[in-house]
Amino acid sequence: MKTNPDKDIELHNKINSETARLPWAELARHFAQGSVIFVSPDLDLIDVAVRISHDDKDSITRWMGEGKIGKVTDEQALAWGEAEAQLWTSVVHPFILVQQERKTLN
């Protein structure tokens, strides 16, 4: 029986503890291999990682359709490289999920 992603606290905590900020330069080779997925700042990176781990096709398909997750584009990669961007990252084999920091209002 599959665990509900909303109730998988153990996996959520594991992914959360393994999430880190990395410079885009360290992720570029993974981008070249096609394994880097962007996650919109509108979504919770940990929640997305848990749902991908659980193969939650409904959520993943909806987010892809809304343009909130997908493979990193050449334009994104170029912009992040030029900006020397630091991105939040989470590994969900075989993918590396990346998310820009949310902008805060002053």
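Side notes on the structure shown:
- Loop sites in segment 55-105: trypsin sites (Lys or Arg not before Pro), DSSP, at most 13 other Cβ within 10 Å: Arg102, Lys103
- Long-range Cα-Cα pairs in segment 16-106 (distance over 23 Å), rounded percent: 19
- Placing +1 on the Cβ of every Lys and Arg and -1 on the Cβ of every Asp and Glu, with no other charges, gives segment 14-106 a dipole of roughly 120 debye about its Cα centre.
- Qualifying trypsin sites (Lys or Arg not before Pro) for segment 1-49 [loop in DSSP, other Cβ within 10 Å: at most 13]: Lys2
- Farthest towards the positive end of the charge dipole of the chain, among the residues Leu22, Val36, His54, is the Cα of His54, using unit charges on the Cβ of Lys, Arg, Asp and Glu.
- GluC sites (Glu not before Pro) lying in DSSP loop within segment 32-93, provided at most 16 other Cβ fall within 10 Å: Glu66, Glu84
- Per residue, the accessible area of the chain comes to 66 Å² when a 1.4 Å probe rolls over the protein heavy atoms.
- Candidate residues Thr73, Thr19: accessible-area rank, largest first, probe 1.4 Å: Thr73, Thr19
- Using C-alpha pairs below 8 Å separated by at least 6 residues, the relative contact order for the chain is 40 percent.
- The long axis of helix 9-18 is offset from the longest Cα principal axis of the chain by roughly 20 degrees.
- Size of electric dipole in segment 63-103: Cβ of Lys, Arg +1 and of Asp, Glu -1, about Cα centre, debye, nearest 20: 220
- Of all accessible heavy-atom area on the chain, the percent that carbon and sulfur account for (1.4 Å): 52
The values are calculated or read from the model by the stated rules, or taken from the named source; none is laboratory data. Every value quoted in this text rests on a predicted model; they were computed, and no experiment measured them. Note that each Cβ is placed from the backbone with ideal geometry, even for glycine, and that neighbours are counted across all protein chains shown. To get the accessible areas, we keep the full protein, side chains included, count just its heavy atoms, and leave off ligands, DNA and RNA. Shrake-Rupley method; radii C 1.70, N 1.55, O 1.52, S 1.80 Å.
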